[in-house]
Amino acid sequence: MIPLGTRAPSVRLPDQFGTPWSLADALGRRHHALLLFFPGAHTFVCSSEIPALDHLAARFLAEANTEVVAIGPDSAESMRAWCAQQLDGIRVPVLSDFHPRGAVGRAYGAWVDDLGRDARATVIVGRDGAVRYASTVPLDSTRDLDALLREAQRIDGDLPRPAQYARPAALPHVVRRATLYVAKGCGHCRHVLDVLTNLRAQAHVAVKDIAKDAAAYKEFVRHQFAGTPALVVEATAHGGAVERVVGRPEVTAKLLELYR
């Protein structure tokens with residue numbers, strides 16, 4: 001495995017929705033990143049472990065400022081079919097390390113040449129870009145995800161807290177209204193809603209489904225958003241300025257900034 005303290009190698013891979021996920025972007029959002037390497041799609045252990053990670057993903061982000069992704073050596077098409085057909089449309093990013101096959105796994109010391117696939121390895125990269133945790137478990141075992149959450153919380157506590165995550169002292173006087181636009185069937189929207197729930201911020205944010213509410217759709221169009229999830233924040237400060245944020249990472253980061 002990659003040694004602790006090492007500068008984390010670059011990661012930029014497509015997820016099951018065809019959206020690129022970049023380690024540099026996650027660090028740019030001042031998040032840590034948990035990279036969960038797995039041997040292959042359509043396998044018994046992975047098909048139970050990845051949904052369990054998906055279930056905890058929002059807690060990792062809300063409680064440890066940590067983005068979680070799964071990385072395997074199958075093609076993007078195989079990942080997409082696996083997630084849609086066998087994993088009930090999970091929303092945690094499942095990344096395809098396929099071109100060239102296993103390149104990121106090799107960079108992190110997770111690849112096993114004799115097997116032609118990744119070990120069941122886990123790496124946590126701190127927001128400073130250094131490897132803070134690395135471990136493996138046997139291929140026929142599952143990881144203790146609750147223990148990994150505690151480890152991520154420990155790492156988050158050890159590293160300096162970014163100023164932009166400090167919750168405003170008088171939040172109710174700063175933010176007058178926030179509206180979150182989502183769409184039925186949007187995996188990224190489900191992820192953001194999980195984050196909202198874990199932050200216990202539902203009372204501060206009006207959630208509108210543009211697929212069900214015609215008036216919400218008209219508002220969404222008026223704001224000229226390109227897709228969901230999208231967030232509008234109207235603040236009393238700065239002359240009642242309106243801030244518009246679109247995209248899962250950007251909306252998640254804004255919710256954390258406002259309600260952590």
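The values are calculated or read from the model by the stated rules, or taken from the named source; none is laboratory data. All figures in this text were calculated on a predicted structure; none of them were measured in a lab. So basically every Cβ, Gly included, is an ideal-geometry build from the backbone, and we count neighbours across all protein chains shown.
Taking the conditions (1) closer than 12 Å to G72 by Cα; (2) out of contact with any helix residue (DSSP H, G or I) (no Cβ under 9 Å at 6 or more places or on another chain); (3) not acidic (D, E) in turn, P138 satisfies each one other than (1).
A quick yes/no check of all residues on (1) without any contact (Cβ under 8 Å) to a residue 24 or more places away in the chain; (2) in the same structural domain as G157 (by TED's automatic domain parsing):
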| position | (1), (2) |
| --- | --- |
| I2 | no, no |
| T19 | no, yes |
| L23 | no, yes |
| S48 | no, yes |
| A70 | no, yes |
| Q85 | yes, yes |
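Residues checked against (1) among the charged types (D, E, K, R); (2) in a loop (DSSP other than H, G, I, E, B); (3) modelled with pLDDT under 90:
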site	(1), (2), (3)
R177	yes, no, yes
K218	yes, no, no
V232	no, no, no
H238	no, no, yes
A253	no, no, yes
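Within segment 191-211, work out how many residues are surrounded by fewer than 16 Cβ atoms within 10 Å (Cβ to Cβ) and either assigned by TED's automatic domain parsing to the domain that holds A62 or over 20 Å from the mean Cα position of the chain (by Cα) (or both). Count: 3. Close contacts from segment 218-242, counting a first residue that is more than 14 Å from V205 (Cα to Cα) and a second that is in a loop (DSSP other than H, G, I, E, B) and at pLDDT below 90, with Cβ to Cβ under 6 Å and a gap of 6+ residues or different chains, come to T228/C186.
Out of everything in segment 106-147 that is charged (D, E, K, R) and not in a loop (DSSP other than H, G, I, E, B), what residue ends up being surrounded by the fewest Cβ atoms within 10 Å (Cβ to Cβ)? It comes out as D146.
Applying the condition of being in contact (Cβ under 8 Å) with a residue 12 or more places away in the chain and more than 20 Å from the chain's Cα centre (by Cα) to segment 87-110 and asking which residue is nearest to F17 (Cα to Cα) yields F98. Restricting attention to segment 60-90, the residues that are within 23 Å of L258 (Cα to Cα) and buried (at least 20 other Cβ atoms within 10 Å of the Cβ) total 8.
For segment 57-71, the set of residues classified as within 16 Å of P93 (Cβ to Cβ) and of a type in the set (S, T, N, Q) consists of T66 only. Just one of the numbered conditions (1) under 20 Å from A134 (Cα atoms); (2) surrounded by fewer than 23 Cβ atoms within 10 Å (Cβ to Cβ) is not true of H32: (2). If you go through segment 193-216 and keep only what is in a helix (DSSP H, G or I) and of a type in the set (D, E, K, R), you end up with just D194.
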